[in-house]
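Below: the structure, in C-alpha coordinates.
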Amino acid sequence: MARTRQTSGKTVGGPAKRGTLPLKKTTRHVAAKCVLGPSTRIRKDFTRLKPQRWNLWCIFCRDGAEVLYECSSCPRVVCEHCVSVPTESKKIAIRNDVLFICPGCHEIRNKRATKGTIIKPYFGFEDAQGSPALELPIIVNASIKLTSRSEICTAPVLILNFVLHGVDPSGSPARMMQALLLPYIPAKDLHYHEIIFDFGTDEKFKTHEKSMERLVNEVGRTVFDRIEVFVLTHSETTRGDIWGGHESAVTVGRGKIKVAKPTPVAYTVDDFFDGIFVAGVGELLKGATLWMLVCGHMVRETESFKSFTACIKRYDIENAFAFGAEGLHVCLTTPFVAAYVERVLVEGFLVQEVMTSLLAVCPRLAMHASIIHVHVMNTLRRRPPTIAEYNKGKLYMDDKSSIIMSTYTFFDENQRPWGNALPLQCSSCKCLRQWKRISFSIADNCSVAKFACSICGCIIEYARPSQSQIILFTQGYQAASAGGRLSRKNQRAGGSGWLISTQEVEPGL
(Lines give C-alpha, C1' and ligand atoms only; values in the text may rest on other atoms or scores of the structure.)
Protein backbone atom coordinates (compact mmCIF):
# COMPACT_ATOMS: atom_id res chain seq x y z
CA MET A 1 0.00 0.00 0.00
CA ALA A 2 1.05 3.60 -0.45
CA ARG A 3 2.89 5.14 2.44
CA THR A 4 0.67 7.58 4.37
CA ARG A 5 0.89 9.84 7.36
CA GLN A 6 -1.33 12.42 9.01
CA THR A 7 -0.74 16.11 9.65
CA SER A 8 -3.14 18.63 11.08
CA GLY A 9 -4.83 20.89 8.55
CA LYS A 10 -4.08 24.61 8.39
CA THR A 11 -7.44 25.65 6.96
CA VAL A 12 -10.07 23.89 9.03
CA GLY A 13 -13.18 25.85 8.10
CA GLY A 14 -16.29 23.79 7.56
CA PRO A 15 -19.88 23.29 8.62
CA ALA A 16 -20.76 24.63 12.05
CA LYS A 17 -23.98 25.13 13.95
CA ARG A 18 -25.23 28.69 14.22
CA GLY A 19 -25.09 30.04 17.75
CA THR A 20 -26.83 32.86 19.58
CA LEU A 21 -24.97 35.17 21.92
CA PRO A 22 -26.42 36.39 25.22
CA LEU A 23 -25.48 39.80 23.85
CA LYS A 24 -28.62 39.65 21.69
CA LYS A 25 -30.67 40.57 24.75
CA THR A 26 -28.81 43.86 25.15
CA THR A 27 -28.38 46.87 22.93
CA ARG A 28 -26.21 46.32 19.88
CA HIS A 29 -23.12 48.48 19.42
CA VAL A 30 -23.97 51.70 17.58
CA ALA A 31 -21.13 53.76 16.18
CA ALA A 32 -21.03 57.45 16.85
CA LYS A 33 -21.56 59.97 14.11
CA CYS A 34 -18.60 61.03 12.01
CA VAL A 35 -16.98 63.34 14.53
CA LEU A 36 -13.34 63.39 15.49
CA GLY A 37 -12.63 62.13 18.99
CA PRO A 38 -9.89 63.39 21.30
CA SER A 39 -7.60 60.57 20.20
CA THR A 40 -7.19 62.10 16.75
CA ARG A 41 -6.15 65.57 17.90
CA ILE A 42 -7.19 66.80 14.45
CA ARG A 43 -10.14 69.02 13.64
CA LYS A 44 -11.95 69.47 10.35
CA ASP A 45 -11.88 73.25 10.75
CA PHE A 46 -8.08 73.54 10.73
CA THR A 47 -7.12 76.31 8.32
CA ARG A 48 -3.41 75.56 8.54
CA LEU A 49 -1.80 72.27 9.54
CA LYS A 50 1.34 72.44 11.60
CA PRO A 51 3.22 69.49 13.08
CA GLN A 52 2.59 68.98 16.79
CA ARG A 53 5.41 66.48 17.20
CA TRP A 54 8.24 65.16 15.07
CA ASN A 55 9.58 61.77 14.09
CA LEU A 56 12.59 60.25 15.84
CA TRP A 57 14.66 59.14 12.84
CA CYS A 58 16.27 61.03 9.99
CA ILE A 59 14.34 60.75 6.73
CA PHE A 60 17.54 59.94 4.79
CA CYS A 61 19.66 57.62 6.93
CA ARG A 62 16.81 56.33 9.15
CA ASP A 63 19.05 56.88 12.17
CA GLY A 64 19.30 59.24 15.09
CA ALA A 65 21.94 61.85 15.93
CA GLU A 66 22.88 64.41 18.56
CA VAL A 67 21.33 67.13 16.39
CA LEU A 68 18.10 66.58 14.47
CA TYR A 69 16.67 69.48 12.48
CA GLU A 70 12.86 69.54 12.74
CA CYS A 71 10.98 70.68 9.66
CA SER A 72 8.55 73.52 10.34
CA SER A 73 6.10 72.26 7.69
CA CYS A 74 5.94 68.51 8.41
CA PRO A 75 6.96 66.00 11.12
CA ARG A 76 10.12 64.88 9.31
CA VAL A 77 13.59 65.41 10.73
CA VAL A 78 17.05 65.48 9.14
CA CYS A 79 20.21 64.67 11.09
CA GLU A 80 23.37 66.78 11.18
CA HIS A 81 25.25 64.16 9.16
CA CYS A 82 22.88 64.23 6.18
CA VAL A 83 22.67 68.05 6.10
CA SER A 84 25.99 69.86 6.42
CA VAL A 85 25.63 73.31 7.97
CA PRO A 86 28.81 75.42 7.89
CA THR A 87 30.31 75.99 11.33
CA GLU A 88 29.95 79.76 11.03
CA SER A 89 26.23 79.37 10.24
CA LYS A 90 25.21 76.97 13.03
CA LYS A 91 24.41 79.78 15.43
CA ILE A 92 22.00 81.22 12.87
CA ALA A 93 20.42 77.81 12.20
CA ILE A 94 19.44 77.24 15.83
CA ARG A 95 17.90 80.69 16.39
CA ASN A 96 14.23 80.69 17.41
CA ASP A 97 13.23 83.01 14.56
CA VAL A 98 14.79 80.75 11.91
CA LEU A 99 12.75 77.92 10.39
CA PHE A 100 14.08 74.68 8.92
CA ILE A 101 12.50 73.31 5.73
CA CYS A 102 13.35 69.69 4.94
CA PRO A 103 14.45 68.82 1.37
CA GLY A 104 11.15 67.02 0.68
CA CYS A 105 9.01 70.02 1.58
CA HIS A 106 11.37 72.25 -0.42
CA GLU A 107 10.82 70.07 -3.51
CA ILE A 108 7.03 69.98 -3.14
CA ARG A 109 6.70 73.68 -2.38
CA ASN A 110 9.03 74.65 -5.21
CA LYS A 111 7.14 72.58 -7.78
CA ARG A 112 3.78 73.88 -6.60
CA ALA A 113 4.82 77.54 -6.57
CA THR A 114 6.56 77.57 -9.94
CA LYS A 115 4.77 74.59 -11.59
CA GLY A 116 8.18 73.04 -12.11
CA THR A 117 9.47 75.83 -14.36
CA ILE A 118 11.95 77.34 -11.89
CA ILE A 119 14.15 75.15 -9.68
CA LYS A 120 15.62 76.99 -6.71
CA PRO A 121 18.72 75.89 -4.79
CA TYR A 122 18.21 74.44 -1.34
CA PHE A 123 19.19 76.74 1.54
CA GLY A 124 17.36 74.74 4.22
CA PHE A 125 16.90 77.57 6.72
CA GLU A 126 14.69 80.60 6.22
CA ASP A 127 13.04 83.43 8.14
CA ALA A 128 9.33 83.91 8.76
CA GLN A 129 8.92 85.61 5.35
CA GLY A 130 10.43 82.63 3.51
CA SER A 131 13.74 84.30 2.64
CA PRO A 132 16.98 82.29 3.03
CA ALA A 133 18.58 82.77 6.44
CA LEU A 134 22.01 81.57 5.28
CA GLU A 135 24.24 83.16 2.69
CA LEU A 136 25.00 79.97 0.77
CA PRO A 137 23.00 76.79 0.00
CA ILE A 138 23.71 73.90 2.35
CA ILE A 139 25.07 70.51 1.31
CA VAL A 140 22.80 67.45 1.48
CA ASN A 141 24.83 64.25 2.01
CA ALA A 142 22.14 61.79 0.95
CA SER A 143 21.00 59.74 -2.00
CA ILE A 144 17.51 59.24 -3.43
CA LYS A 145 15.87 56.33 -1.58
CA LEU A 146 12.36 57.52 -0.74
CA THR A 147 9.88 59.81 -2.45
CA SER A 148 9.52 63.47 -1.52
CA ARG A 149 6.23 62.57 0.23
CA SER A 150 7.66 59.74 2.36
CA GLU A 151 8.47 59.95 6.05
CA ILE A 152 9.70 57.65 8.83
CA CYS A 153 6.70 57.56 11.16
CA THR A 154 7.26 56.90 14.84
CA ALA A 155 3.71 57.55 16.09
CA PRO A 156 2.17 55.15 18.66
CA VAL A 157 0.65 51.96 17.19
CA LEU A 158 -1.66 49.40 18.77
CA ILE A 159 -1.88 45.88 17.30
CA LEU A 160 -4.70 43.60 18.44
CA ASN A 161 -4.44 39.99 17.30
CA PHE A 162 -7.63 37.98 17.91
CA VAL A 163 -7.02 34.25 17.39
CA LEU A 164 -9.67 31.54 17.70
CA HIS A 165 -8.82 28.96 20.37
CA GLY A 166 -7.30 25.94 18.66
CA VAL A 167 -5.85 27.85 15.70
CA ASP A 168 -2.05 27.96 15.57
CA PRO A 169 -0.95 31.63 15.49
CA SER A 170 2.62 30.78 14.45
CA GLY A 171 3.73 32.98 11.57
CA SER A 172 0.81 35.32 12.14
CA PRO A 173 0.95 38.54 10.07
CA ALA A 174 0.16 40.44 13.27
CA ARG A 175 3.29 39.10 14.97
CA MET A 176 5.31 39.92 11.87
CA MET A 177 3.89 43.46 11.83
CA GLN A 178 5.08 43.99 15.39
CA ALA A 179 8.57 42.70 14.52
CA LEU A 180 8.83 45.00 11.49
CA LEU A 181 7.77 48.06 13.48
CA LEU A 182 10.16 47.51 16.39
CA PRO A 183 13.16 49.20 14.66
CA TYR A 184 11.08 52.35 14.11
CA ILE A 185 8.69 52.81 17.04
CA PRO A 186 9.85 52.96 20.68
CA ALA A 187 8.74 50.01 22.79
CA LYS A 188 6.57 52.21 25.01
CA ASP A 189 4.59 53.36 21.95
CA LEU A 190 4.21 49.97 20.23
CA HIS A 191 1.59 47.87 21.98
CA TYR A 192 0.87 44.29 20.90
CA HIS A 193 -1.87 42.16 22.44
CA GLU A 194 -2.70 38.61 21.36
CA ILE A 195 -6.18 37.51 22.44
CA ILE A 196 -7.11 33.83 22.24
CA PHE A 197 -10.90 33.90 22.11
CA ASP A 198 -13.67 31.33 22.45
CA PHE A 199 -17.23 32.41 23.24
CA GLY A 200 -19.04 29.29 22.07
CA THR A 201 -21.11 29.07 25.27
CA ASP A 202 -22.69 31.60 27.62
CA GLU A 203 -20.07 30.95 30.28
CA LYS A 204 -17.22 31.33 27.81
CA PHE A 205 -18.75 34.58 26.55
CA LYS A 206 -18.78 36.01 30.08
CA THR A 207 -15.10 35.10 30.44
CA HIS A 208 -14.30 36.74 27.11
CA GLU A 209 -16.23 39.86 28.12
CA LYS A 210 -14.22 40.21 31.33
CA SER A 211 -10.92 39.79 29.47
CA MET A 212 -11.96 42.53 27.03
CA GLU A 213 -12.73 44.85 29.94
CA ARG A 214 -9.21 44.31 31.24
CA LEU A 215 -7.79 44.95 27.77
CA VAL A 216 -9.66 48.23 27.40
CA ASN A 217 -8.50 49.37 30.82
CA GLU A 218 -4.91 48.54 29.93
CA VAL A 219 -4.71 50.26 26.53
CA GLY A 220 -7.26 53.01 27.15
CA ARG A 221 -4.69 55.26 28.83
CA THR A 222 -2.58 55.59 25.65
CA VAL A 223 -3.44 57.69 22.60
CA PHE A 224 -2.72 55.69 19.42
CA ASP A 225 -2.36 57.21 15.96
CA ARG A 226 -2.71 53.80 14.33
CA ILE A 227 -4.68 50.74 15.42
CA GLU A 228 -4.36 47.49 13.47
CA VAL A 229 -6.84 44.72 14.32
CA PHE A 230 -6.37 41.13 13.10
CA VAL A 231 -9.02 38.41 13.37
CA LEU A 232 -7.80 34.86 12.70
CA THR A 233 -10.61 32.31 12.66
CA HIS A 234 -12.69 30.14 10.30
CA SER A 235 -15.85 30.74 8.30
CA GLU A 236 -18.82 28.44 7.82
CA THR A 237 -18.93 26.95 4.33
CA THR A 238 -22.62 27.33 3.44
CA ARG A 239 -23.75 30.59 5.07
CA GLY A 240 -20.50 32.52 5.48
CA ASP A 241 -20.94 32.72 9.26
CA ILE A 242 -17.79 33.20 11.35
CA TRP A 243 -16.60 30.72 13.95
CA GLY A 244 -16.72 32.21 17.43
CA GLY A 245 -15.77 29.19 19.53
CA HIS A 246 -16.78 25.69 20.50
CA GLU A 247 -19.39 24.02 22.59
CA SER A 248 -18.57 21.24 25.04
CA ALA A 249 -16.54 18.40 23.56
CA VAL A 250 -18.38 15.35 22.23
CA THR A 251 -16.71 11.92 22.37
CA VAL A 252 -16.52 10.23 18.97
CA GLY A 253 -15.12 6.83 17.95
CA ARG A 254 -15.41 3.26 19.17
CA GLY A 255 -13.59 1.00 21.56
CA LYS A 256 -10.19 2.23 22.61
CA ILE A 257 -10.07 4.85 19.84
CA LYS A 258 -12.19 7.64 21.26
CA VAL A 259 -11.55 11.32 20.73
CA ALA A 260 -13.17 14.27 22.51
CA LYS A 261 -14.09 16.52 19.58
CA PRO A 262 -15.49 19.99 20.37
CA THR A 263 -18.45 21.20 18.32
CA PRO A 264 -17.72 24.47 16.48
CA VAL A 265 -20.19 27.31 16.85
CA ALA A 266 -20.49 29.98 14.15
CA TYR A 267 -22.32 33.28 14.38
CA THR A 268 -23.71 35.67 11.83
CA VAL A 269 -21.25 38.41 10.95
CA ASP A 270 -23.25 40.95 12.96
CA ASP A 271 -23.33 38.75 16.05
CA PHE A 272 -19.66 37.84 15.70
CA PHE A 273 -18.59 41.49 15.63
CA ASP A 274 -20.74 42.34 18.62
CA GLY A 275 -19.45 39.30 20.49
CA ILE A 276 -15.73 39.62 19.89
CA PHE A 277 -15.55 43.43 20.14
CA VAL A 278 -17.48 43.64 23.40
CA ALA A 279 -16.91 45.72 26.57
CA GLY A 280 -15.67 48.85 24.84
CA VAL A 281 -13.30 47.24 22.34
CA GLY A 282 -15.57 48.54 19.59
CA GLU A 283 -14.48 52.08 20.45
CA LEU A 284 -10.90 51.12 19.58
CA LEU A 285 -12.01 50.16 16.07
CA LYS A 286 -12.93 53.73 15.16
CA GLY A 287 -10.55 54.86 12.42
CA ALA A 288 -8.67 51.54 12.60
CA THR A 289 -7.65 49.01 9.95
CA LEU A 290 -9.23 45.56 10.17
CA TRP A 291 -7.64 42.40 8.76
CA MET A 292 -10.17 39.56 8.44
CA LEU A 293 -8.04 36.42 8.12
CA VAL A 294 -10.89 34.01 7.45
CA CYS A 295 -11.66 31.73 4.53
CA GLY A 296 -13.43 33.27 1.58
CA HIS A 297 -16.92 31.97 2.34
CA MET A 298 -17.63 35.18 4.25
CA VAL A 299 -17.05 37.34 1.15
CA ARG A 300 -18.52 34.87 -1.35
CA GLU A 301 -21.91 34.57 0.35
CA THR A 302 -23.98 37.65 -0.49
CA GLU A 303 -25.75 38.09 2.85
CA SER A 304 -22.65 37.59 4.99
CA PHE A 305 -20.65 40.05 2.90
CA LYS A 306 -23.42 42.64 3.13
CA SER A 307 -23.34 42.22 6.89
CA PHE A 308 -19.55 42.57 6.84
CA THR A 309 -19.63 45.91 5.00
CA ALA A 310 -22.44 47.11 7.28
CA CYS A 311 -20.29 46.30 10.33
CA ILE A 312 -17.34 48.19 8.83
CA LYS A 313 -19.54 51.27 8.59
CA ARG A 314 -21.20 50.77 11.98
CA TYR A 315 -17.89 50.50 13.83
CA ASP A 316 -16.34 53.46 11.96
CA ILE A 317 -13.49 51.31 10.60
CA GLU A 318 -11.53 53.24 7.97
CA ASN A 319 -9.98 50.31 6.05
CA ALA A 320 -10.72 46.59 6.04
CA PHE A 321 -9.07 43.73 4.17
CA ALA A 322 -10.51 40.29 3.43
CA PHE A 323 -9.41 37.47 1.12
CA GLY A 324 -11.37 35.34 -1.32
CA ALA A 325 -9.60 31.98 -1.09
CA GLU A 326 -11.91 29.11 -0.16
CA GLY A 327 -9.23 27.72 2.14
CA LEU A 328 -7.10 30.71 3.08
CA HIS A 329 -3.48 30.05 4.02
CA VAL A 330 -2.68 33.03 6.23
CA CYS A 331 1.09 32.62 5.81
CA LEU A 332 0.73 33.70 2.15
CA THR A 333 -0.55 37.13 3.21
CA THR A 334 2.68 38.07 4.99
CA PRO A 335 4.41 39.75 1.97
CA PHE A 336 1.31 41.89 1.45
CA VAL A 337 1.19 42.87 5.12
CA ALA A 338 4.95 43.55 5.16
CA ALA A 339 4.61 45.95 2.22
CA TYR A 340 1.68 47.60 4.01
CA VAL A 341 3.86 48.15 7.07
CA GLU A 342 6.61 49.81 5.04
CA ARG A 343 4.48 52.01 2.75
CA VAL A 344 1.54 52.87 5.04
CA LEU A 345 2.64 52.60 8.67
CA VAL A 346 6.25 53.72 8.19
CA GLU A 347 6.24 55.99 5.13
CA GLY A 348 2.81 57.40 5.98
CA PHE A 349 0.94 56.96 2.69
CA LEU A 350 -2.77 56.30 2.33
CA VAL A 351 -3.69 52.72 1.45
CA GLN A 352 -5.35 53.70 -1.83
CA GLU A 353 -2.21 55.61 -2.88
CA VAL A 354 0.14 52.63 -2.66
CA MET A 355 -2.14 49.68 -3.38
CA THR A 356 -0.32 48.81 -6.61
CA SER A 357 2.98 48.64 -4.69
CA LEU A 358 1.43 46.21 -2.22
CA LEU A 359 0.09 43.99 -4.99
CA ALA A 360 3.40 43.85 -6.85
CA VAL A 361 5.27 42.08 -4.05
CA CYS A 362 2.94 39.13 -3.37
CA PRO A 363 2.94 36.73 -6.37
CA ARG A 364 2.14 33.63 -4.27
CA LEU A 365 -0.83 35.32 -2.62
CA ALA A 366 -1.90 36.46 -6.09
CA MET A 367 -2.21 32.86 -7.29
CA HIS A 368 -3.99 31.89 -4.07
CA ALA A 369 -6.65 34.49 -3.33
CA SER A 370 -8.30 37.69 -4.46
CA ILE A 371 -7.91 40.71 -2.16
CA ILE A 372 -10.93 42.71 -1.05
CA HIS A 373 -10.36 46.22 0.26
CA VAL A 374 -13.25 48.09 1.91
CA HIS A 375 -12.62 51.79 2.47
CA VAL A 376 -15.03 54.02 4.37
CA MET A 377 -14.59 57.64 3.35
CA ASN A 378 -15.11 60.47 5.84
CA THR A 379 -15.28 58.12 8.80
CA LEU A 380 -13.75 59.02 12.14
CA ARG A 381 -10.11 59.80 11.48
CA ARG A 382 -7.45 58.45 13.78
CA ARG A 383 -4.33 58.49 11.59
CA PRO A 384 -2.14 61.62 11.44
CA PRO A 385 -2.03 63.87 8.35
CA THR A 386 0.03 62.78 5.38
CA ILE A 387 2.96 64.78 4.06
CA ALA A 388 0.82 65.95 1.14
CA GLU A 389 -1.80 67.28 3.56
CA TYR A 390 0.84 69.09 5.59
CA ASN A 391 2.17 70.78 2.46
CA LYS A 392 -1.31 71.78 1.31
CA GLY A 393 -2.03 73.06 4.80
CA LYS A 394 -5.36 71.27 5.15
CA LEU A 395 -6.82 67.82 5.56
CA TYR A 396 -8.22 65.97 2.59
CA MET A 397 -11.95 65.50 3.05
CA ASP A 398 -14.24 63.81 0.53
CA ASP A 399 -17.35 65.61 -0.61
CA LYS A 400 -19.55 62.77 0.57
CA SER A 401 -19.42 59.76 2.80
CA SER A 402 -19.59 56.33 1.21
CA ILE A 403 -18.19 52.82 1.29
CA ILE A 404 -15.89 51.92 -1.59
CA MET A 405 -15.23 48.22 -2.16
CA SER A 406 -12.35 47.23 -4.44
CA THR A 407 -11.64 43.63 -5.43
CA TYR A 408 -8.16 42.85 -6.77
CA THR A 409 -7.78 39.61 -8.73
CA PHE A 410 -4.57 38.37 -10.33
CA PHE A 411 -4.70 37.00 -13.88
CA ASP A 412 -2.24 35.28 -16.18
CA GLU A 413 -2.98 34.67 -19.85
CA ASN A 414 -1.66 31.10 -19.68
CA GLN A 415 -2.33 29.96 -16.11
CA ARG A 416 -5.05 32.12 -14.57
CA PRO A 417 -7.40 33.41 -17.31
CA TRP A 418 -9.32 36.46 -16.09
CA GLY A 419 -8.54 35.50 -12.51
CA ASN A 420 -9.80 31.90 -12.77
CA ALA A 421 -7.45 29.07 -11.84
CA LEU A 422 -7.04 26.48 -14.60
CA PRO A 423 -7.81 22.95 -13.40
CA LEU A 424 -4.75 20.75 -13.11
CA GLN A 425 -6.53 17.82 -14.76
CA CYS A 426 -8.71 17.65 -17.84
CA SER A 427 -12.20 16.52 -16.79
CA SER A 428 -12.59 14.45 -19.96
CA CYS A 429 -9.36 12.52 -20.57
CA LYS A 430 -7.97 12.93 -17.00
CA CYS A 431 -4.53 14.02 -18.26
CA LEU A 432 -2.50 16.60 -16.35
CA ARG A 433 -1.35 20.03 -17.52
CA GLN A 434 -2.36 19.68 -21.16
CA TRP A 435 -4.14 23.03 -21.62
CA LYS A 436 -3.24 25.27 -24.55
CA ARG A 437 -4.53 28.78 -24.99
CA ILE A 438 -6.46 29.10 -28.26
CA SER A 439 -7.84 32.60 -27.67
CA PHE A 440 -7.12 35.18 -25.01
CA SER A 441 -4.88 38.13 -25.57
CA ILE A 442 -4.94 41.45 -23.81
CA ALA A 443 -3.44 43.03 -26.92
CA ASP A 444 -6.41 41.83 -29.03
CA ASN A 445 -8.96 43.08 -26.46
CA CYS A 446 -10.29 39.55 -26.14
CA SER A 447 -12.96 39.33 -23.42
CA VAL A 448 -13.31 35.51 -23.48
CA ALA A 449 -10.43 33.15 -22.76
CA LYS A 450 -10.57 29.72 -24.43
CA PHE A 451 -8.34 26.76 -23.62
CA ALA A 452 -8.24 23.37 -25.29
CA CYS A 453 -6.83 20.09 -24.03
CA SER A 454 -4.06 18.96 -26.36
CA ILE A 455 -5.01 15.30 -25.82
CA CYS A 456 -8.79 15.16 -26.25
CA GLY A 457 -9.67 18.64 -27.50
CA CYS A 458 -11.92 19.49 -24.54
CA ILE A 459 -12.56 23.25 -24.45
CA ILE A 460 -13.14 25.48 -21.43
CA GLU A 461 -13.99 29.18 -21.49
CA TYR A 462 -13.66 32.06 -19.04
CA ALA A 463 -15.26 35.48 -19.49
CA ARG A 464 -13.76 38.72 -18.27
CA PRO A 465 -15.57 40.11 -15.21
CA SER A 466 -17.80 43.04 -16.04
CA GLN A 467 -16.69 46.55 -15.08
CA SER A 468 -13.13 45.47 -14.35
CA GLN A 469 -9.95 47.36 -15.17
CA ILE A 470 -6.45 46.03 -15.81
CA ILE A 471 -3.50 47.32 -13.76
CA LEU A 472 0.16 46.27 -13.41
CA PHE A 473 0.14 44.38 -16.72
CA THR A 474 3.44 42.86 -17.90
CA GLN A 475 3.96 41.23 -21.28
CA GLY A 476 5.55 37.94 -20.23
CA TYR A 477 9.23 38.93 -20.37
CA GLN A 478 12.16 37.02 -18.92
CA ALA A 479 15.90 37.65 -18.59
CA ALA A 480 17.15 35.33 -21.34
CA SER A 481 20.15 37.01 -22.92
CA ALA A 482 23.69 36.99 -21.58
CA GLY A 483 23.58 40.76 -21.28
CA GLY A 484 20.56 40.59 -19.01
CA ARG A 485 18.13 42.14 -21.49
CA LEU A 486 14.51 41.21 -21.10
CA SER A 487 13.16 39.25 -24.04
CA ARG A 488 9.99 37.30 -24.66
CA LYS A 489 10.22 33.55 -24.32
CA ASN A 490 8.15 32.99 -27.47
CA GLN A 491 5.26 34.50 -29.33
CA ARG A 492 2.74 32.65 -27.15
CA ALA A 493 4.27 33.79 -23.88
CA GLY A 494 1.36 35.34 -22.03
CA GLY A 495 1.25 38.45 -19.93
CA SER A 496 -0.06 38.87 -16.42
CA GLY A 497 -1.51 41.59 -14.26
CA TRP A 498 -4.31 42.45 -11.86
CA LEU A 499 -8.00 43.07 -12.41
CA ILE A 500 -9.63 45.66 -10.21
CA SER A 501 -13.39 45.89 -9.77
CA THR A 502 -14.57 48.90 -7.77
CA GLN A 503 -18.07 49.66 -6.63
CA GLU A 504 -19.69 52.09 -4.25
CA VAL A 505 -21.46 49.80 -1.82
CA GLU A 506 -23.46 52.60 -0.27
CA PRO A 507 -23.85 55.91 -2.14
CA GLY A 508 -24.08 57.95 1.08
CA LEU A 509 -24.43 57.66 4.82
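The values are calculated or read from the model by the stated rules, or taken from the named source; none is laboratory data. What you see is a predicted model; the values in this text were computed from it and never measured. Note that we place each Cβ from the backbone using ideal geometry, even for glycine, and neighbour counts take in every protein chain shown. Each accessible area value is taken on the protein alone, full model and side chains, heavy atoms only, with ligands, DNA and RNA left out. Shrake-Rupley method; radii C 1.70, N 1.55, O 1.52, S 1.80 Å.
For region 119-214, applying the loop criterion from DSSP together with a ceiling of 16 other beta carbons within 10 Å to the trypsin sites (Lys or Arg not before Pro) yields K145. Where does region 118-198 land on Rg/Rh, using Cα atoms and the Kirkwood Rh? We get a ratio of 1.27 for region 118-198.
For the peptides 423-432, 50-59, 343-352, 266-275, the ranking by mean Cβ contacts within 10 Å, running from highest to lowest, is 266-275, 343-352, 50-59, 423-432. Excluding same-chain residues fewer than 8 positions from K91, which aspartates and glutamates have a Cα within less than 19 Å of its Cα? Cα-Cα hits under 19 Å: E66, E70, E80, E126, D127, E135.
One compactness figure for region 263-349 is 1.17, namely its Cα radius of gyration divided by 2.2 N^0.38 Å. Short-range pairs are left out: with C-alpha atoms under 8 Å and at least six residues apart, the relative contact order of region 278-411 is 28 percent.
Derived from the Cα gyration tensor, the three semi-axes of the equivalent ellipsoid of region 128-246 are 44, 18, 12 Å, largest first. Percentage of Cα-Cα pair distances in region 75-144 greater than 21 Å, rounded to whole percent? Summing the P(r) of region 75-144 above 21 Å gives 22 percent of all pairs. When the Debye formula is applied to the Cα atoms of region 165-309, each taken as the same point scatterer, what base-10 log of I(q)/I(0) results at q = 0.08, 0.09, 0.18, 0.22 Å⁻¹? The calculated log intensity ratios at q = 0.08, 0.09, 0.18, 0.22 Å⁻¹ are -0.27, -0.34, -1.17, -1.50. Our analysis of region 115-159 gives Rg over Rh at 1.10, with the two radii drawn from alpha carbon positions and Rh computed by the Kirkwood formula.
When peptides 86-93, 380-387, 155-162 are sorted by average Cβ neighbour count within 10 Å, with the highest value leading, the order is 380-387, 155-162, 86-93. Computed over the Cα atoms of region 340-393, pair by distinct pair, the Kirkwood hydrodynamic radius stands at 13.0 angstrom. GluC sites (Glu not before Pro) within region 128-204: which are DSSP loop residues with at most 11 other Cβ atoms inside 10 Å? Here the GluC sites (Glu not before Pro) that fit, given the DSSP loop and packing criteria, are E135. For region 91-96, putting each phi into the Karplus relation 6.51 cos²θ - 1.76 cosθ + 1.60 with θ = phi - 60° gives couplings of 5, 5, 5, 9, 5, 5 Hz, in residue order, rounded to whole numbers and with x for Gly and Pro. Per residue, region 52-139 exposes an accessible area of 60 Å² to a 1.4 Å probe, with every protein chain left in place.
Kirkwood Rh over alpha-carbon pairs of region 144-184, then Stokes-Einstein at 25 °C and 0.890 mPa s: what D in µm² s⁻¹, rounded to an integer?
On the way: Rh = 12.8 Å.
Rounded, D is 192 µm²/s.
Please give the FRET efficiency for V354 paired with L56, using the beta carbon to beta carbon distance and R0 = 22 Å, rounded to the nearest 0.05.
After rounding to 0.05, the efficiency reads 0.45.
In this structure, the residue pairs whose Cα-Cα separation is over 31 Å, taken from K306/K430; K120/K188; K111/K145; K313/K392, are K306/K430; K120/K188. Subtracting the Cα-Cα distance of T263 and C446 from their residue separation scaled by 0.36 nm leaves 61.0 nm. For region 216-372, with all protein chains in place and a probe radius of 1.4 Å, 53% of the accessible heavy-atom surface sits on carbon or sulfur. Modelled this way, with points 7 Å down the Cα-to-C-beta line, the labels at I196 and E303 are 3.4 nm from one another.
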